[in-house]
Amino acid sequence: MRRAIYPGSFDPVTNGHLDIIERGSKLFDEIIIAVLVNTEKEALFTVDERRGMLEEALALIASGFCRLRVDSFQGLLMRYAVEQHADAVVRGIRAISDYEYELQMALMNRRQEPRIETVFMMAAEAYSYVSSRLVKEVYSLGGTIEGLVPATVEERMRVKLHKS
Ligand code: ADP
């Protein structure tokens with residue numbers, strides 16, 4: 001039984017994240033998509049909203065025999081990973097700029113917990129420029145995000161940014 005944690009802010013989940021989860025589901029028996037309860041960063045969606053959007057989106061992807069579970073965590077990722085009896089942490093790499101930060105994090109995490117591997121997956125070409133931050137920025141300025149996030153997320157963004 002191979003269990004992985006896919007941690008992130010998911011504010012909101014994008015098709016780039018979903019592509020990583022779908023491909024990751026071929027490697028693991030279970031993936032816990034873990035929403036980071038971040039205090040320092042200004043988030044658009046609450047943790048509950050982010051979890052809800054993930055649940056909706058995960059129902060649409062083909063994960064085969066892999067179990068997908070949504071959770072949230074606070075504090076040290078490696079502590080959470082041990083609590084969850086995880087074997088690995090999955091991260092997506094889009095560009096060289098991701099690599100530098102991710103390498104640093106992976107090495108620090110390995111130092112904390114050498115038994116837990118970080119598995120890097122390359123972003124799909126089609127989504128390699130997509131980030132939650134950019135999606136929020138473009139949408140709030142009136143641009144289109146069609147095809148970059150699930151339709152359910154687009155709808156929640158519309159309600160959040162134009163109604164309230
Ligand atoms: P963070 O808050 O650490 O930037 P995110 O919630 O944006 O994390 O993303 C979580 C993980 O998903 C990170 O490993 C990030 O590199 C990866 N990721 C984000 N967007 C994409 C994408 N479009 N394609 C592939 N991986 C992605």
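Run the paramagnetic zone check for Glu102: 7 angstrom along Cα to Cβ, then residues of the range 1-36 with backbone nitrogen under 11 Å.
So the set is 20.
Can you grab the distance from the C-alpha centre of the range 1-55 to the C-alpha centre of the range 59-105, Å, no decimals?
Going from one Cα centre to the other spans 7 Å.
Report the trypsin sites (Lys or Arg not before Pro) located in the range 88-144 that are in a DSSP loop and have at most 13 other Cβ atoms inside 10 Å of their Cβ, or state none. All intermediate terms of the calculation are to be shown ahead of the outcome.
Working: sites: Arg91, Arg94, Arg110, Arg111, Arg115, Arg133, Lys136; in loops: Arg94, Arg115.
Passing sites in the range 88-144 are Arg115.
Taking all protein chains in place and a 1.4 Å probe, what share, in percent, of the accessible surface of the chain do carbon and sulfur account for?
Values: 4950 of 9430 Å².
In the chain, the share of accessible area belonging to carbon and sulfur is 53 percent.
Along the three principal axes, how long is the range 109-164 when you take its alpha carbons, biggest first, rounded to the nearest angstrom?
Principal extents (Cα only, largest first): 47, 27, 19 Å.
Please give, to one decimal in nm, the separation of the simple spin-label points placed at Glu137 and Arg115, each 7 Å out from Cα toward the Cβ.
4.1
Around Met1, what is the net charge, scoring Lys/Arg as +1 and Asp/Glu as -1 over all other residues with Cβ under 12 Å from its Cβ? If you can, show how the numbers build up before the last one.
On the way: positive: Arg2, Arg3, Arg67; negative: Asp29, Glu30, Asp87.
Summing Lys/Arg as +1 and Asp/Glu as -1 gives 0.
Is the shape of the range 54-135 best called rounded, prolate or oblate, per the rule: a/c under 1.5 gives rounded, else a/b larger than b/c gives prolate, else oblate, with a ≥ b ≥ c the square roots of the Cα gyration tensor eigenvalues?
oblate
How high is the relative contact order of the chain, in percent, with contacts defined as C-alpha pairs under 8 Å that are six or more residues apart?
Result for the chain is 29 percent.
Okay, helix-only estimate at 222 nm for the chain: each DSSP H run of n ≥ 4 adds -39500 (n - 2.57), divide by all residues, round to 500 deg cm²/dmol; what do you get?
Details: 6 runs with 63 residues, N = 164.
After summing the helix terms and dividing by the residues of the chain, the value is -11500 deg cm²/dmol.
Accessible area per residue of the chain at 1.4 Å probe, in Å²?
Accessible area per residue, the chain: 57 Å².
So what are the three principal axis dimensions of the chain from its Cα atoms, in whole Å, longest to shortest?
46, 33, 30
Counting other C-beta atoms within 10 Å, and keeping those with at most 11, which DSSP coil trypsin sites (Lys or Arg not before Pro) do you find in the range 24-72? Don't skip to the end; give the middle numbers.
On the way: sites: Lys26, Lys41, Arg50, Arg51, Arg67, Arg69; in loops: Lys26, Lys41.
Here the trypsin sites (Lys or Arg not before Pro) that fit, given the DSSP loop and packing criteria, are Lys26, Lys41.
Within a Cβ distance under 11 Å of Cys66, other residues only, what is the Lys/Arg minus Asp/Glu net charge?
Numbers: positive: Arg2, Arg3, Arg23, Lys26, Arg67, Arg69; negative: Glu22, Asp29, Glu30.
Summing Lys and Arg as +1 and Asp and Glu as -1 gives +3.
The values are calculated or read from the model by the stated rules, or taken from the named source; none is laboratory data. Small disclaimer: the values here were computed from a predicted structure and weren't measured. Don't worry about glycine lacking a Cβ; one is built from the backbone with ideal geometry, like all the others, and counts go over all protein chains shown. Only protein heavy atoms, including side chains, enter the accessible area calculation; ligands, DNA and RNA are left aside. Shrake-Rupley method; radii C 1.70, N 1.55, O 1.52, S 1.80 Å.
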